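All remarks here apply to the structure that follows.
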Amino acid sequence: MDRMSYAIEVEKLTKIYGRGETAVTALLDATFQVKPGELVAILGPSGSGKSTLLTAIGLINEPTRGRVVLDGALVADGGWVAGIDLKRLRREKLGFIFQAHNLIPFLTAQENVMVALEINRVSRHDAKIRAAELLGSLNLGRRLNNYPSALSGGEAQRVAIARALANVPKVILADEPTAALDTENGKNVMALLKKLAVENSSAILVVTHDHRMVEGFDRIFEVHDGRISCPPLAEGER
Amino acid sequence: MNLAVRDIRYHLGRFILTSVGLGLLLGVVMSMGGIYRGLFADALAVLNHTRADIWVVQQDTNGPFAENSRIPEDIKYRIKGVPGVAQASPLSFETLQLERGGRPFRFFLIGYDLNGFGGPPVITAGRNIRQKHYELVAAKGMNMALGEKLHLGLHDYTVVGITGKVVSSSGDPAAYVSLSDAQDIQFKKDNDAIRSDRARIDANLSRIQTLSPTQTKFLRQNVAAIAESTHTVNTVVARLAPGADLSQVKERINRWNHFRPLSEEEQSRILTKGMIEKARMQLGLFRIILLVISAVIISLIIYTSTLDKIRVIATLKLIGSPNRVIVGMILQQSLLMGVIAYAIGYLLLLMTYDKFPRRIVLEPFDLRLLLAIVIVICILASFVGIRKALKVEPAEALGG
Ligand SMILES: Nc1ncnc2c1ncn2[C@@H]1O[C@H](COP(=O)(O)OP(=O)(O)O)[C@@H](O)[C@H]1O
Ligand SMILES: [Mg+2]
């Protein structure tokens, strides 16, 4: 497999917050690749640098050093590549899921999904239909017109997942998506992500600190003090 | 999907409340414009209803609306004789204040020649004055019923007709009587005064030893007639014959030396420039202050509503919304609020404007100008929110 076909490629990725005496090295020389359709868990204690990794790959948090290649496009090489349109890459190639669901409070479940589609130039009519289908497939068919405040934690998180999936992104980044959920709902969400990785052949990075949640994942990366240790891809898969 | 409208829909109560508040403010701004136009319309009401080309007034005065102007009534004959003059008619004006139902009751009494012009412009109820004496046509604003009586000077006057919204330049409703009645009311002395005048004339004449009794009697009659004469008016108005030259007619009247002919245009300038210029500036200043207050309020509302939405904005940025989506949301919200507040203010004013004590005239031009100003204010006000929104980092969506 040539490098063009990795969904995520990270090389010596480093993030240092602040300068001088107060500088914090949150991430140091992370290097790994993730294939399309691969479901990867990132485990590590609080403050180890998991979110930093995710936001650097997610084009939210500018890396200090190192390279990031997303779906074949070089996006960071010692800082963002000059002239890059981060928002456009985010809406076209990435999907985000967070601990707090981050739904827009004044939009209904369906409208929250429609927003993601409409900013990607999907017509309102098509967006409406696709949002309804997507939410239906996540068992939210009866919740289309509910505001986030009327949804349970698990339902809200599934709406957020629907929003992240709406544009069928190549890369889905999930930061502790189950933290606000009970074990039952948490397991359901993880199972859902697993299914999606296969169906959409998206690379999915899931940050969690709960070991019980990671069964069935393709690989597990562990982060300690900003250093990441990841099992390499199996020989045949390189 | 329109995010501005969705947000408003979700916070509908809050939005309506702020819009109504803002609407009241804009309604006041609108009404001030209307009051100014009303002042204008009031000031010119009598002038416009009279439809005269020339107002002949006392020499060296600015006419009856600005100061005291007294000229003899019979000058109307001389004016009629001027080439180019088609009609001339004497008018008298007087502001009266009486007690009515225990309250001060102010009105503007217009006396006109029943055979001339300058009388009530329309009769909406009852009839016009037919008899030379003791009949009165009241403007709507007098709130008088047909048949009602009003005691003026030495006599009772009966309301025989109602005319439209005629007011004096200070906004008091007008009442019409015949010129001779008006002259009586304005100039006629009561019997005591007449008696003492006659006694004084007698006393003065009796000091002149050389007068024969016949001469004394003759003089006494003449002096008393002059002293008791009421044949004075405040102005004589004239209409020109078609094709007559205004400046030539004025020139001619000017040459008589005792009168000043004012063209309709000069008269209207005296009424507007001198009398309502200060009120205009005052109202203008208030409008500017209120508009500045509205601008500050809109800015504050937009700014705080942007602060409320920081997380929403960060989330939108995170999922890759272009800036125009975020700018559009804030700008549209600001414009919607301004336009809806404007509409509310306008509706409130429409429902209440005829209940204002003074006339309010809503000119389409003024309304459109205000709408344009409100839109500009909304756009400027949204800048503070937009500036804040553009600085929001997508990472701010992650915390908590
Ligand atoms: N914006 C920031 N400024 C300074 N230090 C930060 C910032 N964000 C995170 N850090 C620090 O970087 C380290 C890694 O943080 P983070 O990536 O959030 O860890 P995790 O998600 O694993 O809990 C922590 O020591 C944290 O205090
Ligand atoms: Mg974290």
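Scanning segment A:11-29 for residues that are more than 15 Å from ligand 2 (Cβ to nearest atom) and part of a strand (DSSP E or B) yields A:GLU11, A:LYS12, A:LEU13, A:THR14, A:ILE16, A:THR25, A:LEU28, A:ASP29. Of all residues being over 20 Å from A:ARG90 (Cβ atoms) and in a strand (DSSP E or B) in segment A:31-46, which is farthest from ligand 1 (Cβ to nearest atom)? Just the residue, please. Step by step, filter segment A:31-46, then rank; the result is A:GLN33.
Of the residues that make up segment B:373-393, is at least one over 16 Å from B:ILE330 (Cα atoms), within 14 Å of chain A (Cβ to nearest Cβ) and assigned to a loop (DSSP other than H, G, I, E, B)? Yes. For segment B:318-337, the set of residues classified as open to solvent by less than 10 Å² (accessible area, probe 1.4 Å) and within 12 Å of chain A (Cβ to nearest Cβ) consists of B:LEU318, B:GLY320, B:SER321, B:ILE326, B:MET329, listed by residue number.
A search for C-beta distances below 7 Å between a residue of segment A:160-176 that is in a loop (DSSP other than H, G, I, E, B) and any residue that is open to solvent by 10 Å² or more (accessible area, probe 1.4 Å) and within 16 Å of ligand 1 (Cβ to nearest atom), counting only pairs 6+ apart in sequence or on different chains, returns A:GLU176/A:GLN99. Among the numbered conditions (1) open to solvent by less than 40 Å² (accessible area, probe 1.4 Å); (2) not in a loop (DSSP other than H, G, I, E, B), the only one that B:SER196 does not meet is (1). Being within 16 Å of ligand 2 (Cβ to nearest atom) and away from chain B (no Cβ under 14 Å) is a property that A:GLY44 has. Looking across segment A:147-176, the residues that are open to solvent by 10 Å² or more (accessible area, probe 1.4 Å) and within 16 Å of ligand 2 (Cβ to nearest atom) come down to A:ASP175, A:GLU176. Just one of the numbered conditions (1) more than 8 Å from every other protein chain (Cβ to nearest Cβ); (2) in contact (Cβ under 8 Å) with a residue 24 or more places away in the chain; (3) open to solvent by less than 10 Å² (accessible area, probe 1.4 Å) is not true of A:LEU107: (1). Test B:THR214 against the stated conditions and say whether it is assigned to a helix (DSSP H, G or I) and modelled with pLDDT under 90. Answer is yes for this residue. Scanning segment B:50-102 for residues that are over 27 Å from the mean Cα position of the chain (by Cα), under 18 Å from B:GLY119 (Cα atoms) and assigned to a strand (DSSP E or B) gives B:ALA86, B:GLN87. Among the helices (runs of 4 or more DSSP H) confined to segment A:47-122, the ones with at least 3 residues that are more than 16 Å from ligand 2 (Cβ to nearest atom) are located at A:86-93, A:109-118.
For segment B:215-256, the set of residues classified as aliphatic (A, V, I, L, M) and under 27 Å from B:SER178 (Cα atoms) consists of B:VAL223, B:ALA224, B:ALA225, B:ILE226, B:ALA227, B:VAL233, B:VAL236, B:VAL237, B:ALA238, B:LEU240, B:ALA241, B:ILE253, listed by residue number. Restricting the search to strands (runs of 3 or more DSSP E) fully inside segment B:122-190 and requiring at least 2 residues that are touching a Lys or Arg at 6+ places or on another chain (Cβ under 6 Å) and free of Cβ contacts under 8 Å to residues at least 60 places away in the same chain gives B:155-163. Within segment A:82-102, residues that are more than 7 Å from chain B (Cβ to nearest Cβ) reach partners that are within 16 Å of ligand 2 (Cβ to nearest atom) and part of a loop (DSSP other than H, G, I, E, B) with beta carbons closer than 8 Å, at six or more positions or on different chains, in the pairs A:LEU94/A:GLY58; A:ILE97/A:PRO177; A:GLN99/A:GLU176; A:GLN99/A:PRO177; A:GLN99/A:ALA179; A:GLN99/A:ALA180; A:HIS101/A:ALA180. For segment A:123-144, filtering for residues that are within 12 Å of another protein chain (Cβ to nearest Cβ) and either under 22 Å from the mean Cα position of the chain (by Cα) or not in a helix (DSSP H, G or I) (or both) leaves 3.
The values are calculated or read from the model by the stated rules, or taken from the named source; none is laboratory data. Remember, it's a predicted structure, so these values are computed and weren't measured experimentally. In this analysis, Cβ positions are derived from the backbone assuming ideal geometry, glycine residues included, and neighbour counts consider all displayed protein chains. The protein model used for the area step is the full one, side chains on, heavy atoms only, and it has no ligands, DNA or RNA in it. Shrake-Rupley method; radii C 1.70, N 1.55, O 1.52, S 1.80 Å.
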